[in-house]
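K.L.:
This structure is in structure tokens; I'll ask about it shortly.
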Amino acid sequence: MRPWTTSTWRRAAAVTVTVVCLWYAPFAMTELWSYARPGAPAPGEWLLAHAVSPRYVADALATRVAPYRHSLVPMIVHSVLGGLLMLLGPAQLLTAARRRVRLHRALGVVFAVTVYASMAGAAVYLARTAPRDAFSGAAFWIVLATILVGTVLSVTFGILAAVGGHPDLHQRWLLLCYGYLLTAPLLRLEWGALPAVLPGLPMTEINRVAIMHLGSLVVFGALLASRARDRRDTVEGLGRSWAPLPVTVAAQLAAAAALVWIVRALAAHGAAGRRLLIAYLLPYAVAYAVMALGARRAGRAGRTWAREEWRIHLIGLCLAPPLSVGTVAVLEHSLALGRFTALTAGVAVGCGVTAFGATLVVSLRLMYAREVLKRTAPAALPAAPVTTPVP
């Protein structure tokens with residue numbers, strides 16, 4: 001049997017993402033039909049009821065009628081366009097891989113407009129819905145709002161990168177944007193899968209478990225995709241590292257201290273807290289190991305640019321727990337949230353926010369290298385005048 005090569009893993013990942021998107025698109029587009037017209041087809045609810053139990057679905061959706069009907073039109077816009085985005089994303093990846101430039105640009109315009117319109121619908125719903133009335137409460141509302149902001153900013157930076165002639169930065173921002181969008185189908189998959197691991201939990205509790213790692217999972221996937229598509233060993237004008245070893249070590253020490261605080265804080269809330277803690281720590285540990293190993297291997301191979309990007313994202317990951325600790329304090333005092341709610345929300349948003357920051361630093365790093373290269377490039381010599389011999 002032939003061993004799986006790197007290109008095989010890339011194809012497998014692309015096929016998996018495409019299958020998930022194609023699977024979820026019709027469910028997203030029809031998700032709110034039953035709220036607009038009772039008795040309308042709801043294939044997503046039907047499938048989930050058969051995968052888990054009808055009671056599991058009925059109990060979860062019974063409290064959604066009033067909040068969704070209060071903002072039904074913007075929610076339908078959000079869900080239908082969200083389903084369309086699930087189709088446009090794989091199409092964009094395919095046209096980029098096949099170098100169909102004109103089609104890629106045309107679909108890119110449609111994709112960007114659809115993102116803005118879909119997120120506008122979500123923003124109207126969040127603005128009209130009090131955090132305590134959101135599905136799974138205030139923590140879930142805060143996570144949804146954070147994903148919304150990250151999605152809009154990442155697609156905006158992706159557009160600016162394309163207009164500015166920076167295809168590598170454009171690619172990174174759009175992969176991050178699509179990573180944020182993939183939290184929707186992944187959450188639905190966890191609605192069906194986690195009850196087998198955590199039997200008896202209602203969907204509201206499943207949501208709290210899921211948000212503890214979905215943010216870190218999707219941004220980690222976006223990073224892996226970016227690294228897989230960027231095969232450069234180095235970048236001209238890179239110069240000294242923006243992520244030297246002392247900075248990396250300091251970030252890791254800050255992460256260790258913050259993680260100790262998070263472990264103690266969540267463990268103090270009994271079985272529910274320990275459940276959320278495991279859901280947070282396991283993906284975090286995997287992401288840390290892969291980033292650290294990637295930076296080490298790239299350094300040994302002399303691939304300076306790969307090491308630089310891995311290190312920047314590793315520092316971002318290490319800064320996520322300290323950011324979460326600070327966010328918990330802000331949420332608890334400024335929004336008057338309960339301790340457990342503030343703790344859940346603060347920990348849930350940390351990795352997604354710092355990954356956005358790391359992508360921003362990577363973008364600035366590449367732009368700075370190009371600026372250095374421009375300033376150090378020798379000026380072109382003027383062409384010698386052409387003289388015509390006198391007869």
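K.L.:
State whether the residues of the stretch 93-109 include one that is more than 17 Å from the chain's Cα centre (by Cα), in contact (Cβ under 8 Å) with a residue 60 or more places away in the chain and under 22 Å from GLY215 (Cα atoms).
P.N.:
So far as the stretch 93-109 goes, no, none of its residues is more than 17 Å from the chain's Cα centre (by Cα), in contact (Cβ under 8 Å) with a residue 60 or more places away in the chain and under 22 Å from GLY215 (Cα atoms).
K.L.:
Being surrounded by 11 or more Cβ atoms within 10 Å (Cβ to Cβ) and free of Cβ contacts under 8 Å to residues at least 24 places away in the same chain is the filter; apply it to the stretch 12-23 and report the residue that is nearest to MET86 (Cα to Cα).
P.N.:
Ranking the qualifying residues of the stretch 12-23, first place goes to VAL19.
K.L.:
Here is a list: ALA145, ALA123, ALA161. Which entry is at pLDDT 95 or above, buried (at least 16 other Cβ atoms within 10 Å of the Cβ) and more than 28 Å from ILE206 (Cα to Cα)?
P.N.:
None of the others qualify; the one that does is ALA161.
K.L.:
Name the one entry in PRO90, PRO67 that is in contact with a Cys (Cβ under 6 Å, 6 or more places away or on another chain), assigned to a helix (DSSP H, G or I) and touching a residue at least 60 places away in the same chain (Cβ under 8 Å). Lay out the reasoning, then the answer.
P.N.:
Details: PRO67 fails: in contact with a Cys (Cβ under 6 Å, 6 or more places away or on another chain).
Matching residue, one of PRO90, PRO67: PRO90.
K.L.:
Okay, next question. Being modelled with pLDDT under 90, part of a helix (DSSP H, G or I) and under 26 Å from the mean Cα position of the chain (by Cα) is the requirement here; does TYR24 meet it?
P.N.:
Working: modelled with pLDDT under 90: no; part of a helix (DSSP H, G or I): yes; under 26 Å from the mean Cα position of the chain (by Cα): yes.
In short, no.
K.L.:
Only one of these conditions is not met by MET86: (1) surrounded by 15 or more Cβ atoms within 10 Å (Cβ to Cβ); (2) over 24 Å from ALA228 (Cα atoms); (3) of a type outside the set (S, T, N, Q); (4) in contact with a Phe, Trp or Tyr (Cβ under 9 Å, 6 or more places away or on another chain). Which number is it?
P.N.:
The failed condition is (2).
K.L.:
To continue, here is another question. Looking only at the stretch 297-309, decide whether some residue is touching a Lys or Arg at 6+ places or on another chain (Cβ under 6 Å) and free of Cβ contacts under 8 Å to residues at least 24 places away in the same chain.
P.N.:
Step one: of the stretch 297-309, the residues touching a Lys or Arg at 6+ places or on another chain (Cβ under 6 Å) are 298-299, 305.
Add one more test, that the residue is free of Cβ contacts under 8 Å to residues at least 24 places away in the same chain, and what stays is 298-299.
Checked the stretch 297-309: at least one residue is touching a Lys or Arg at 6+ places or on another chain (Cβ under 6 Å) and free of Cβ contacts under 8 Å to residues at least 24 places away in the same chain.
K.L.:
Name the pairs whose Cβ atoms lie under 7 Å apart, with the first residue in the stretch 121-144 and closer than 18 Å to ALA342 by Cβ, the second of a type in the set (D, E, K, R) and buried (at least 17 other Cβ atoms within 10 Å of the Cβ), and 6 or more positions between them or separate chains?
P.N.:
SER136/ARG208; ALA139/ARG208
K.L.:
For the stretch 114-226, list the helices (runs of 4 or more DSSP H) that sit wholly inside it and hold at least 2 residues that are hydroxyl-bearing (Ser, Thr, Tyr) and under 16 Å from the mean Cα position of the chain (by Cα); which are they? Let's see the steps before the verdict.
P.N.:
Details: elements: 138-163, 167-181, 183-197.
Here the list reads 138-163, 167-181.
K.L.:
Considering LEU293, LEU323, which residue is within 18 Å of the chain's Cα centre (by Cα), more than 15 Å from HIS213 (Cβ to Cβ), modelled with pLDDT of 95 or more and in a helix (DSSP H, G or I)?
P.N.:
Details: LEU293 fails: within 18 Å of the chain's Cα centre (by Cα).
Residue meeting the stated conditions: LEU323.
K.L.:
Looking at the stretch 237-248, can you tell me whether even one residue there is over 18 Å from THR341 (Cα atoms), assigned to a helix (DSSP H, G or I) and not β-branched (Val, Ile, Thr)?
P.N.:
yes
The values are calculated or read from the model by the stated rules, or taken from the named source; none is laboratory data. Just so we're clear, the structure is a prediction, and the values are computed from it rather than from any experiment. Note: ideal-geometry Cβ built from the backbone for every residue, glycine included; neighbour counts use all protein chains shown.
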